[in-house]
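Asker: Have a look at the structure that comes next, please.
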Amino acid sequence: FQARLGSHGDATALQSMRTVRGNSFCVDCDAPNPDWASLNLGALICIECSGIHRNLGTHLSRVRSLDLDDWPLELVMVMTAIGNALANSVLTSIPRKILKKII
Ligand SMILES: [Zn+2]
């Protein structure tokens with residue numbers, strides 16, 4: 001990851017988040033090309049799942065749009081460091097019902 005970041009919504013930064021391993025599918029429901037990100041999970045999610053995550057409370061689940069929200073470098077680094085493949089491997093080790101209450 002060597003994107004130069006200056007302005008908000010840097011196309012290179014967004015592209016780097018989309019290309020993290022596993023990020024071409026929603027981490028929750030496997031929908032293709034997710035456009036939203038869960039900062040808690042460090043994973044990309046589809047718009048429908050983003051709505052579910054938002055309803056759980058903004059203090060618990062921080063959801064951002066790849067296209068509409070600003071992406072400071074720190075957040076881009078979090079997202080590219082984790083990604084859906086890693087998030088999935090963590091998620092599958094936690095019972096789903098418990099996880100839904102946490103996230
Ligand atoms: Zn989804």
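Each value in this text was obtained by applying a stated rule to the coordinates, not by laboratory testing. This one's a predicted model, so the numbers in the text were calculated from it and none came from an experiment. In this analysis, Cβ positions are derived from the backbone assuming ideal geometry, glycine residues included, and neighbour counts consider all displayed protein chains.
Asker: Which of the residues that make up the stretch 21-39 are closer than 18 Å to Asp70 by Cβ, more than 9 Å from the ligand (Cβ to nearest atom) and of a type outside the set (Gly, Ala, Ser)? Don't jump to the end; show me each part of the working.
Answerer: Filtering the stretch 21-39 for residues closer than 18 Å to Asp70 by Cβ gives 35-39.
Imposing the further condition that a residue be more than 9 Å from the ligand (Cβ to nearest atom) reduces the set to 35, 37-39.
Matches in the stretch 21-39: Asp35, Leu39.
Asker: Would you please name the residue that is surrounded by the most Cβ atoms within 10 Å (Cβ to Cβ), looking only at residues in the stretch 7-43 that are charged (D, E, K, R) and not in a helix (DSSP H, G or I)? Full working, then the answer.
Answerer: Within the stretch 7-43, the subset charged (D, E, K, R) is 10, 18, 21, 28, 30, 35.
Filter again for not in a helix (DSSP H, G or I), leaving 10, 21, 28, 30, 35.
Details: Asp10: 17, Arg21: 10, Asp28: 23, Asp30: 12, Asp35: 17.
So the residue we want is Asp28.
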